[in-house]
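Since the structure comes first, as structure tokens, the remarks are kept for the end.
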Amino acid sequence: MGVFNIAVIGGDGIGPDVVAEALKVIASAGVRCETTDYDLGAARYARTGDVLPDGVLEELRDHDAILLGAVGPPVGATDVPAGVLERGLLLRLRFELDLYVNLRPCKGVPGAIAPDADICIVRENTEGPYAGEGGLLRRGTPWEVATQGSVNTRRGVERCVRFAFELARTRPRHSVTLVHKTNVLTYAGGLWGRVVDEVAAGFPGITTAYHHVDAACIYLATEPERYDVIVTDNLFGDILSDLAGAVTGGIGLAPSANLNPERTGPSLFEPVHGAAHDIVGTGRANPIAAIRSAAMMVDFLGEHEAGARINRAVLDVQSEMAARGSHMTTTAIGDAVAERLQRCR
């Protein structure tokens, strides 16, 4: 086992606290990391006006992976305009590092609406409406026009779809469902549909299906167990992954990975939840999502056994908490997971 060079962006609010627990768990699993902390997020922007300096971006490129906690200002804050962090930090990292797959595993936990669901959402991460195509005309007048285009390239769609099929091949159910809105978004949806059919021809053991996004929302709320791997575009994936996270235990438990599968740059791993400034310092922040994101990072870096052990330890702790109906502090949860890992080494 080598030593991995990890960039750590604790960020804002509860971000630094949950990342600290994730790093504690990684160490307990026997994964050796050298970490470099980067001050990025709402607090830095409010203090300096910087979002992601070019020099910092170049430093990040030299790491094996990036672990991020959460970024965002407190509710009601006016010193960080909407979109500054989203476009200037999160989306810029995705575009510049070519993190074209957003992978969101949603596995049910005890007490969840759907405790038996096991879904992986493969969301295209660098195109669609988030690519930034569009603009304003006659702003502030009664004739104002706002356009926001959806960018879909064959290369971008195909590499995301192929990743989904490769993932489905490693899972017991071997199933991929495309979710889109092909009856209305005929150009973009048509491209996605054709690419799925073409890629599927090379994966004869994988079953395929198609659902409109509105139907998929209903099924995720009422029959989430029908899904295995969902592949979809950037915007639909953003919405569906939050819904899937909610029914499998809550987005406060949901991990995610922003992947560069070709490894031409570092991939980024982060919990789905926000900065939650209202509970900073209370010990109420649940670090499970950050720990599970760290497990995804460890697995992606090649330490598959360690990643699996972290996930098993997390499930043990969650099951015990559900059985007792008890709550634990941020640090106590991290300690409990770490202790189980140390006993199993």
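General observations
- By average C-beta atoms within 10 angstrom, highest first, the peptides 337-343, 50-56: 337-343, 50-56
- Unit charges at the beta carbon, dipole of the chain: most positive-side option, 212, 330, 40: 212
- Helix-only mean residue ellipticity at 222 nm for the chain, each DSSP H run of n ≥ 4 adding -39500 (n - 2.57), per residue, nearest 500: -12500 deg cm²/dmol
- Computed FRET value (nearest 0.05) for residue 54 with residue 116, which takes r as the C-beta separation and R₀ as 35 Å: 0.15
- Charge dipole of segment 271-345 (Cα centre as origin; +1 on each Lys and Arg Cβ, -1 on each Asp and Glu Cβ, all else neutral): 140 debye, rounded to the nearest 20.
- Stretchable slack from residue 331 to residue 343, in nm (0.36 nm times residue separation minus alpha-carbon distance): 2.5 nm
- Since only 27, 7, 119 are under comparison, the one whose Cα sits farthest along the positive direction of the charge dipole of segment 1-140, derived from C-beta charges on Lys, Arg, Asp and Glu, is 119.
- Each label was represented as a point 7 Å from its Cα along the Cα-to-Cβ direction; for residue 305 and residue 173 these points are 3.0 nm apart.
- Computed log₁₀ I(q)/I(0) - Debye formula, equal Cα scatterers, no solvent, the chain, q 0.09, 0.10 Å⁻¹: -0.49, -0.61
- Relative protection proxy for 186-192, 10-16, from highest mean packing down: 10-16, 186-192 (other beta-carbon atoms within 10 angstrom).
- Order of 160, 344, 120, 106 under a 10 Å beta carbon neighbour criterion, fewest first: 344, 120, 160, 106
- Counting other Cβ atoms within 10 Å as a rough exposure proxy, the listed residues 96, 133 run 133, 96 from fewest neighbours to most.
- Residue 35 versus residue 148: modelled label distance in nm, points set 7 Å from Cα along the beta carbon direction: 3.5
- When peptides 68-74, 276-282 are sorted by average Cβ neighbour count within 10 Å, with the highest value leading, the order is 68-74, 276-282.
No lab work stands behind these numbers, since they all come straight from the coordinates. All of these numbers come straight from a predicted model, not from anything done at the bench. No Cβ is skipped: glycine too gets one built from the backbone with ideal geometry, and neighbour counts run over all protein chains shown.
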